[in-house]
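The values are calculated or read from the model by the stated rules, or taken from the named source; none is laboratory data. Worth saying up front: this structure is predicted, and the values here are computed from it rather than measured. Every residue, glycine among them, receives a Cβ derived from its backbone with ideal geometry; neighbour counts consider all protein chains shown. Heads up: the accessible areas ignore ligands, DNA and RNA and are worked out on the full protein's heavy atoms, side chains in. Shrake-Rupley method; radii C 1.70, N 1.55, O 1.52, S 1.80 Å.
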Amino acid sequence: MIGYQFMGKAHSHAYRDIPFFFDEGCEPIQQAIAGRNEEAVKEAAGALGYNSYETDWRTLIERDDIDLVDIVTPNNTHTEMAIAALKAGKHVLCEKPLALSLLDAERMLEVAEKSNTIHMISHNYRYAPAVQYAKKLIDEGRLGKIFHVRAQYLQDFIMDPSFPLVWRLKKEVTGSGALGDIGAHIIDLSRFLVGEMKEVNGMLETFVKQRPIGEMSGGLSASVDSEEMGEVTVDDAAIFMSRFENGALGTFEATRFAAGNRNANRFEINGEKGSIRWDLENMNNLEVFFTDDEEGLQGFRTINCTEEVHPYIRAYWPAGHIIGYEHTFLNMISELMKGIKNGYSPKPNFEDGAKNQAVLEAVQQSNETGGWVNVAQLREQARRKLIHS
Ligand SMILES: NC(=O)c1ccc[n+]([C@@H]2O[C@H](COP(=O)([O-])OP(=O)(O)OC[C@H]3O[C@@H](n4cnc5c(N)ncnc54)[C@H](O)[C@@H]3O)[C@@H](O)[C@H]2O)c1
């Protein structure tokens, strides 16, 4: 593992728990963790359960006793680390978004496809059992033709203007703001559930333009380091519309300025035969509505997706014994273990990462031009640039 804060803890917890709940014939061994500060990384190795530590990620990647490299560092490091790891013959799990730009994401995909290794991007929300079950219902045609996707990812943790200028607010480190940080998740969920987006039209806004200098200090908390102010160079909020290749229409909202919404990752999908709703803050439940339900009894019903028939639940507890946020990582990493054992890159992999990045870049471009941007054409342009670079 490279990095050891918020996602470092979430992924490490999953590695520790995988052998307890899953038996995929491939068990993770937490062999080593890398960080830049010796004292801090030594402490993290102990707290998160790693057998050793390195103070240079390159040394970690070169080690013969490492098979899988998990990248849980800020976005500007993903491309260099992932490409180095893939070239060294290691499997890679990389946090989202894949890169700072579509060109870098395509470069990572190209190296991943040429390497004989397994790659995956950490869009963990796909792996909530209720989301997997929604996917099953859609694939079975229970909603019929899909008309609408309405997705939101709403947070409020940076609303206070004295919240510091952390890496998440600096373009050169993060690429984009709410768009890439949380919008990327609802893009992934809608790609997973409904399909590819053909074109997008969006707008970005930065409400607080200057903040005191500071750093993330675990989870979504931060500490102010000085009275000096710096410029916020990414969006605080992103809103966009999309047309899907299958004709569905999408509306998306990603913001960190929605007071009272701590982590409201939610979607509603409307089809010709019914609708589905999901909200992370109530993640075990799926609300469904079917137009062919008996007249008089029609209405949204709430399915608690904790029965044995619901994906991944057999690994855990009896019906009604709910699971939580951390289990999305367990389920996702159990798929990674299966992929490593059986020689395929589970979804979402670097191809999904590149397709996601194309949507992010299309929204950014649309914000600048004020018009619709075709997502596939943007990918095509990036790939052509890659061939000529
Ligand atoms: N899947 C999710 O739901 C989810 C949630 C939060 C963050 N993320 C993603 O995870 C990644 C990390 O985010 P986080 O919230 O854990 O950040 P964080 O600030 O909590 O932790 C970042 C870690 O990376 C280390 N680091 C920074 N630069 C480094 C470098 N050059 N070399 C080595 N280590 C370095 C830091 O010391 C720290 O340990 C980001 O890409 C972010 O977008 C994903």
What order do ARG383, ARG191 take when sorted by accessible area (1.4 Å probe), most exposed first?
ARG383, ARG191
Restricting attention to the stretch 313-389, which chymotrypsin sites (Phe, Trp or Tyr not before Pro) occupy a DSSP loop and are surrounded by at most 14 other Cβ atoms within 10 Å?
TYR344
How much length would be gained if the chain were fully extended between THR302 and ALA47, taking 0.36 nm per residue of separation minus their Cα-Cα distance, in nm to one decimal?
87.9 nm
Plugging the Kirkwood radius over Cα pairs into Stokes-Einstein for the stretch 93-151, at a temperature of 10 °C and a viscosity of 1.306 mPa s, what D comes out in µm²/s?
112
Quick one: ranking THR328, THR59, THR73, THR369 by accessible area, 1.4 Å probe, largest first, what do you get?
THR369, THR59, THR73, THR328
Hey, could you get me the Stokes-Einstein D for the chain, Kirkwood radius over alpha-carbon pairs, 10 °C and 1.306 mPa s, rounded to whole µm² s⁻¹?
73
Any chance you could list the semi-axes, whole Å, largest first, of the equivalent ellipsoid that the Cα gyration tensor gives for the stretch 131-270, using √(5λ)?
33, 14, 11
Cut-off under 5 Å, modelled amide H: who pairs with ILE118 long-range:
HIS91, VAL92
Give me the percent of DSSP beta bridges within the chain that run antiparallel, rounded to the nearest 5.
70
HIS310 accessible area, assembled protein chains, probe 1.4 Å, Å²
10
Once amide hydrogens are built 1.01 Å from N within the peptide plane, the residues lying 5 or more places from THR73 or on another chain with amide H under 5 Å from its amide H are GLU95
Which whole-Hz couplings ³J(HN,Hα) result when phi for each residue of the stretch 138-145 is put into the Karplus expression 6.51 cos²θ - 1.76 cosθ + 1.60, θ = phi - 60°, listed in order with x for Gly and Pro?
5, 5, 6, x, 5, 9, x, 5
J(HN,Hα) series, the stretch 372-389, from Karplus relation 6.51 cos²θ - 1.76 cosθ + 1.60, nearest Hz, glycine and proline x:
6, 10, 7, 6, 5, 5, 5, 5, 4, 4, 5, 5, 5, 4, 5, 4, 8, 8
With all protein chains present, calculate the accessible area of VAL375 using a 1.4 Å probe and round the result to the nearest 10 Å².
10
Per-residue ³J(HN,Hα) for the stretch 340-352, Karplus 6.51 cos²θ - 1.76 cosθ + 1.60, θ = phi - 60°, Hz, x for Gly and Pro:
5, 4, 9, x, 9, 8, x, 7, x, 10, 5, 5, 5
The distance between the Cα centres of the stretch 123-161 and the stretch 293-354, in whole Å, is 12
Kindly identify the stretch 260-349 as rounded, prolate or oblate by the Cα gyration tensor criterion: order the square roots of the eigenvalues as a ≥ b ≥ c, call it rounded if a/c is under 1.5, otherwise compare a/b with b/c, prolate if a/b is larger, else oblate.
prolate
